[in-house]
Structures are given as C-alpha cells and as structure tokens.
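Notes to accompany the following structure.
The values are calculated or read from the model by the stated rules, or taken from the named source; none is laboratory data. A quick note: this is a predicted structure, and the numbers were derived from the prediction, not measured. With ideal geometry, Cβ positions are generated from the backbone for all residues, glycine too; neighbour counts draw on all protein chains shown. Surface areas here come from the heavy atoms of the whole protein model, side chains and all, with no ligands, DNA or RNA. Shrake-Rupley method; radii C 1.70, N 1.55, O 1.52, S 1.80 Å.
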Amino acid sequence: MLARTVRALRTLSAGNRTLLRANDEAELLHEMCRVIVEDGGYRVASVGYAEYDERKSIRLMASFGIDPVDLECLPLTWADSGFGDWAVATAIRTGNPSVGRHLLTEPSYAPIRNYARKAGYAAATALPLRIEGQVIGALSILAADPDAFDEAEMRLLGELADDLAYGISNLRTRVKHREAERTIERMAYYDPLTGLPNRLSLCEQLSTTLEGAKQHFNPLALLVLKMGQLQEINETLGYREGERFLQTTCTRLQPFADQAKMVARVGEDEFAVLLTDAGSEHATQVAQDLLGILREPVELTEFAVDSRASIGIALFPGHGTDADDLLRRATVAAGQARHTASGHALYRGSPDREFARRLSLMGELRHAIARNELLLYCQPKVDLGSQRVCGAEALVRWQHPKHGMLSTGEFIKIAEHAGLITPLTQWVLEAAFRQSYAWVEAGMDLPMSVNLSAHDLRDPRLLDRIKGLFDTWGTAPELIQFELTESALMEEPVGALEILTRLKDLGVELLIDDFGTGYSSLTYLQKLPVDTLKIDQSFVANMLASDDSEIIVRSTIELGHNLGLKIVAEGVETQAVWERLVALGCDTAQGYLISRPIPAGEFPDWERHSCWHAQDPLRKV
C-alpha cells in the first residue's frame, strides 16, 4: 500500500515538472502519459477526449506503454452501453473517477481479457478532465497489480488529473491569446477587404527598407496607384460592387508581389508597390506593366467598367528620404498622372509646394469668411437694345494680405476641398442683400444675380436662409436673381428641378449660367422654371473666329427665344462681337467691353458716370 502511494507521489511530481515545460497541448498530453509510465511505474497511460457525435465516441489524444493502433481499434465510446461500461467511459459520463477496475474479472472487460493477461494489465482507473465545469475527456491508467488504485493513491492521481486539466486549459488560453494578438496585428497592419498590408504596415516596411537603402547607397521606388472609378461605382452600383472592384484589383496586383518588396492598400482607392534597388527607368517600366493589367475592364455583376488607373512614382533619394515624404509625393504624382496620356508620372517638386500653399490658404479662408474679410464685386450687364445697364452679377473676391488678390477660381477650389462652400455662399448672399439694400437707398434699382453651386443645391437650409434674407432686408424679389451653372443642374436633375421650383416660388428670376457646356436636353430645359440663358464665354469670345462657336451662339439665341427665355452673352470683349450679337438678336451682354468687375460699393458711382448710364441717349464707346 505504501509502495503504491509512493508511486503516485512520484508520478504527481514528475507530472508537475511536465506541466512547467510543455509548450503546446499535444506535447503536454504525450509527456504526461510518458512520465506516468516511465517515472511512475504504471503499465499504460492514455488521454481520450469526448466527442459529442451520435456515437458519443472517444478520440485518442495520446498514449504510452501500448501500441496506439491497438487502442484505436477499440470502439471506444462514453455512451451508457457496451464499451461504455469501461472506466474511461464512466469517468467522462459521470464526471467522477472510476476506481480500481479489475481487468481480469469484470465482465465488461471480457473482450480484452486475454490481451490484458498477456500484456500484464490487471487494474484500470480513469479520472475526468474538467475545464470550466465541463468534462472534456479522461486520463486512463493501467497497472500490473490487481489491487492498485486504493483511496490514498486515487487522491494523488486525482490531483494529477486536475493539474493536467489546468495545464490543458492554460495552454488553450495561451493559444487564444496568441490568436487574439494575431487578429489584432492583422487588424492593425492588414486591410480586411483585400488582405493586403495597409498604410501603417507599408510605412513601417518602407522605413526599414530606407535604412538599408541609405546604408548600401541603393535607390528604391514607391508607386502609388489610384483607381479613378471607385467613387462612381459606389454611388451608382453600391458598395458591394465597389468591394468587388477592389478585390479584383488586388488579384491583378498579386503577380507583382514577387518582384516587389511589398504590395499594399494605402487608401480607399489607392494601392502602393514598393520596389527595392529600383531607379526611374525600372519603376517606369513596372508602372507601364501595371497599367497594362489594371486597364483591362473589370467584370462586375451588371457590366464591365474601366478602372481609370493612374500611377505616381516617387524615388529615393531624389524625391525624399523618409517614408511619409515618399508616400505623400507618390500620391501627388498619381494625381498628376491622371492628366497624362501615359497614365503614369514621376513626382515633380513644385506641386508639392503648391499643395502646402493651398493647405495654408484653407485655414486662412475659413478665418477670412468668419471675420468678414472678403470683398463683394459686381460685373455690369447691359441691355443690347437700349445700351443701358440692366443689372449686375455678384462676384466674391479675396484680397489676401500676403498673396494679394487671389483668382476666384483658385479660392473657390480651396473652398470646395475645405468644405467651405456653404459658409462662402452664405457670406455672398448676405453681402448681396446688404448691398442691394444700399443701392436702393442710393436710388439705384438694379437687379443683382448671385451664383449657386451644385453643393448649394444640396444644402437643405438654403431656401430658409434666402427667405430669411428677404425678410431681414425687405428686398423686392425682382432685385435678386440666382444663377446656376448648367453642369450643376445636370449633376442631380430631379433635385435641381425641385429646388429651382421652390426658388421660383419666391418671385425671383433664375438664370442658367455657362449654357452650352452641360449637355442638358431640350426636354429637360423645357421643364426648368428659368427666365434666362447665359451663353458660355468660350463660345462668345470665339464666335468670330470659329464657325462652330457662332453656330452654337446663334442656335442658343434662337432656342432661348422660342422657349420664351432671355439671352445673356458672357465674355463680350470687342466691339465686333457686340455688333454681331446685336445682329443675332441677343438680349444682354456682359464682359470687359462693358467693364471689369467693380467693388460693389463703387458700382452706383460707376454707373452714373459710365457711357451706359440710363439717362445717356446714345452709347459712347
């Protein structure tokens, strides 16, 4: 009896040492079975896990002291019948140790009795392995002496089984932690849609690669690919199709992964390819090869689309020496490449400095709007028949303290990129209503037209703001007009028609600006509640030199008059153009022949002293 207790203590001690050394579950189970036999002196040790299938079978995980093939041939089950009466089945089924089973006398072991006698197995026990309250399997031990596994021995072996279960649980927890760490790493460093490394991963790899390139004086190239169709696909076909588009792009980039240090997704519609030991010529060749593949139509659910890919290239050391600079400059070059015939471009330095300037101007424009530092200018319109001023177009100007008077086109683009179109339009509206009131007080009742953009048409508060300004200043509807470009109307024809109708209900006149550039249909034009068409200046300025331009001008005048609309010609700069417009029956002219834009506060004085004054019977040019 004492010998058996000592044997169990020796086994428990050896088992604890095994627990400390094991690195994975399979290793732990095998080593535990080994020390039970070799260090503990038992004949056989095995571990079986319970399967929750229809047969309630037992899956052999490890064994020692017996050929595993012999065990696997047995129809092991923990069901309450047949082989389910064995110790291992009883321990799993009941969750309690199955103590001191006599292999040579118990009826349930009859099928293996002869085998047990020859092999020297006389007694069996099984101890449940329990993790978080659930029995996952059992540890089985066979001994040579038929009186093995008394109470003292079982108590120690029970501790061993509990320790083994703890070790299994601990190893599984470690596995879960490693999987969680890998998941977190994937989330941090990989794009979930394409499986490619993301921007963070690229920047870290690029920084590491740059260190090697600096040390060995090797060049490298970073290519940024912009897929120009993604936004249109998302808006037109939905985000699921956009994802298919990106996944197809990823698949097409895979062949280049072998020759690249890394292929990554670095933005919503941007991918990057990092090339080591690559100069301008090699990078350009790779860009051409990439475009050859990427420009193949992408098959989506309903139809195929062109990717409109463009590639920008930044080189080390010529274009930058750190990861952020190279990535930023390759992205700038990708934007430039969209306007090239080849579709790819090497980075050029000046656009980068220009980007920094625009970035600075964005913040300054926000302050200029908030502090009322912008200027309202007006450009006169003259009636061709009476040769008198008949109105003016409100224009915003920005006199920058450092850069001087900035072009309207430049800071309007800045406003669009900075999300400042709405506050800018609000500033112009308030300035126009205020100036119109001042004109009326000065005795000048001329309408002023204000431009509205496509973004303004999507502003749900636009109508309320305009109504509020009419109420605030008591302005007559005929003194405020609104101009909307034809292209803006064509972006969202249905929504534009609705907002124009609501504007018209205020009693104001509506003008379509830059007519001829937006490709609106005659049917759509007939539906619009507009009063005037403004012919784009590109046609007017060129009408005497180009038969096509004159045809467009003449056709627009005839079309407008047939629809009951008035016609304004923009860009009138010469007397010859003026006279030709008169001959074609145009109603109104606007351009430098009449006047450049004038500060709105000076407009009444200019009008009184100009040759276009209402009291002058003849125009004097």
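Quick notes
- Cα-based shape type of segment 1-127, given that a ≥ b ≥ c are square roots of the gyration tensor eigenvalues and the cut on a/c is 1.5: oblate
- Stokes-Einstein D (µm²/s) once Rh is taken as the Kirkwood radius of the chain over alpha-carbon pairs, at 4 °C in 1.567 mPa s: 40 µm²/s
- The GluC sites (Glu not before Pro) found in segment 451-549 include none that occupy coil by DSSP while having at most 11 further C-beta atoms within 10 Å.
- Segment 115-158, accessible area per residue, ligands and nucleic acids excluded (1.4 Å, Å²): 40 Å²
- Listed residue pairs exceeding 18 Å between alpha carbons, taken from 381/566; 413/534; 381/527; 504/527; 504/566: 413/534; 381/527
- Cross-link partners of residue 261 among lysines, defined as those whose alpha carbon lies under 22 angstrom from its own and excluding same-chain residues fewer than eight positions apart: 214, 226.
- Taking a ≥ b ≥ c as the square roots of the eigenvalues of the Cα gyration tensor, segment 185-258 is classed as prolate, since a/c reaches at least 1.5 and a/b is larger than b/c.
- Each Lys and Arg adds +1 at its Cβ and each Asp and Glu adds -1 at its Cβ; summed about the Cα centre, the chain shows a dipole of about 1460 debye.
- Cα shape, segment 424-554, gyration tensor, a/c 1.5 rule: oblate
- Rounded to the nearest 20, the size of the Cβ-charge dipole of segment 328-449 about its Cα centre is 700 debye, with Lys and Arg at +1 and Asp and Glu at -1.
- Rolling a 1.4 Å probe over the protein heavy atoms of segment 1-141, with every protein chain left in place, gives an accessible area that is 54 percent carbon and sulfur.
- Diffusion coefficient, µm² s⁻¹, Stokes-Einstein with Kirkwood Rh over alpha-carbon pairs of segment 253-311 at 25 °C and 0.890 mPa s: 194 µm²/s
- Positive-pole candidate from 119, 293, 272, dipole of the chain, charges at beta carbon: 119
- For segment 553-561, Karplus couplings with θ = phi - 60° (6.51, -1.76, 1.60), whole Hz, Gly/Pro x: 5, 4, 5, 5, 4, 5, 4, x, 5
- Segment 1-105 - accessible surface per residue (Å², probe 1.4 Å): 50 Å²
- A simple charge model with +1 on the Cβ of Lys and Arg, -1 on the Cβ of Asp and Glu and nothing else charged puts the dipole of segment 110-227 at about 700 debye relative to its Cα centre.
- Counting 0.36 nm for each residue step from residue 189 to residue 23 and taking away their Cα separation leaves a gain of 57.0 nm.
- Neighbourhood charge, 15 Å Cβ-Cβ cut-off, centred on residue 216 and excluding it, Lys, Arg +1 and Asp, Glu -1: 0
- Segment 351-463 - accessible surface per residue (Å², probe 1.4 Å): 46 Å²
- In degrees, nearest ten, helix 151-189 long axis to first principal axis of the chain (Cα): 20 degrees
- For the chain: relative contact order, % (alpha-carbon pairs under 8 angstrom, 6 or more apart): 8 percent
- C-alpha long axis of helix 323-337 to longest principal axis of the chain, angle in °: 50 degrees
- Here the accessible area of segment 355-484 is 51 percent carbon and sulfur, with a 1.4 angstrom probe and all protein chains present.
- Residue-averaged [θ]222 nm for the chain, counting only DSSP H segments that reach four residues, each worth -39500 (n - 2.57): -15000 deg cm²/dmol
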